[in-house]
1. Evaluate 2.2 N^0.38 Å with N set to the residue count of region 113-199, then give the Cα radius of gyration divided by it.
2. Would you kindly derive the ³J(HN,Hα) couplings of region 191-197 from the backbone phi angles with the Karplus curve 6.51 cos²θ - 1.76 cosθ + 1.60 (θ = phi - 60°), listing them in order in whole Hz, with x for Gly and Pro?
3. Given +1 on the Cβ of Lys and Arg, -1 on the Cβ of Asp and Glu, and no further charges, what dipole in debye does region 15-167 carry about its Cα centre, rounded to the nearest 20?
4. Magnitude of the Cβ-charge dipole of the chain, K/R +1 and D/E -1, about the Cα centre, nearest 20 debye?
5. Per-residue HN-Hα couplings for region 146-161, Karplus 6.51 cos²θ - 1.76 cosθ + 1.60 at θ = phi - 60°, whole Hz, x for Gly and Pro?
6. Which of rounded, prolate, oblate describes region 167-270, given a ≥ b ≥ c as roots of the alpha-carbon gyration tensor eigenvalues and a/c under 1.5 marking rounded, otherwise prolate only if a/b is larger than b/c?
7. Among rounded, prolate and oblate, which fits the chain when a ≥ b ≥ c are the square roots of the eigenvalues of its C-alpha gyration tensor, a/c under 1.5 means rounded, and a/b larger than b/c means prolate?
8. So, with +1 on the Cβ of K and R and -1 on the Cβ of D and E, and no other charges, what is the size of the charge dipole of region 127-182 about its Cα centre, to the nearest 20 debye?
Amino acid sequence: MKNNIIKNYQNFKIFSTAFLFWFSIQFGNPLEDSIAFILIISIGIMHGANDLLIISLKQVNKSKFVKNLLIYLGIVFFSGISYALSPFFAVLLFIFISSYHFGEEHLSEKMNINTIFDTIYFIVYGLLIFSMLFYEALFEVNSIMIELTKASFSEVLVQNTLIISLILFLLMNAFLFWRKEIEGTILAKEIFFLGLLFLVFKASSLILSFAIYFIFWHSIPSIIHQILFISGDITKNSILLYMRKAFFFWAISVVGLFVLYQFIPEVTRLSTIVFVILLSVTAPHIWVMYRMKN
């Protein structure tokens, strides 16, 4: 059942990516950005809104839950302090841990060597995604970076990150193929997917490019795994349960997003506030997902 759900979603993911690729070519801004914001604010934020529910499950006693809750809140506090002390460092940390998280969600069920190899492999994959995205939209990225941190990424840094992460990803996959840890068909698909995403990033705006990957390649697969963890199956009732449990924290996040956008005059881009919200919840969410998967 689980394999059928994931296989069917894989087909939907490719179709959605191809459709939005065509859509961005046909219509361009601002319509594509409006769709991107709707996707991120709805599905993207919701995929991290059930963290507290997830850490409360499988706990044998209340003290264990309280301990996990304190760790979760501590990570939120650390994220806020990091941004207050050094916004640029906080953004780099966000990119680094998000890279691991993207790789973990996309690749963890396709291979399992050991903790060190898997961690590096996941980070390399995520950095490759980010560097492809930044390479194709560096001006837009730096516009957000300047509002967030008063600093920017150099073209050389982005290019070098793209080249190094691509080389490492290919070498690590060649090693996996040589060890017979990954099938040739899976490897070919992953290379095809990267090529497709690169074309999407090239044709679309930054925010739509990010939304396409973040929603269809990351958030929805994560939601599927979360529902399976919470309810054991994907049904209409389990989906509605997930949405109902997530609604309160999702609503708080969305209200906070628009309040910040209205009352921080220095910020002129909605995309900047969206990334601030994502930055604040990413680190604790990654910890919860790591706990869930392990």
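No lab work stands behind these numbers, since they all come straight from the coordinates. Since the structure is predicted, the reported quantities are computational estimates derived from the model, not experimental observations. Here the Cβ positions follow ideal geometry from the backbone for every residue, glycine too, while neighbour counts run over all protein chains shown.
1. Values: Rg = 15.1 Å, N = 87, 2.2 N^0.38 = 12.0 Å.
Compactness ratio reported: 1.26.
2. 5, 4, 4, 4, x, 4, 5
3. Details: 6 positive and 11 negative charges, 154 e Å.
It comes to approximately 740 debye.
4. On the way: 19 positive and 16 negative charges, 212 e Å.
Computed about the Cα centre, the dipole is about 1020 debye.
5. Going residue by residue, I get 5, 5, 7, 10, 6, 9, 8, 8, 7, 4, 5, 4, 5, 4, 5, 4 Hz, with x marking Gly and Pro.
6. Details: a/c = 3.02, a/b = 1.38, b/c = 2.19.
Oblate, because a/c is 1.5 or more while a/b does not exceed b/c.
7. Values: a/c = 1.28, a/b = 1.01, b/c = 1.27.
In terms of gyration-tensor shape, rounded.
8. Working: 3 positive and 5 negative charges, 63 e Å.
Value, rounded to 20: 300 debye.
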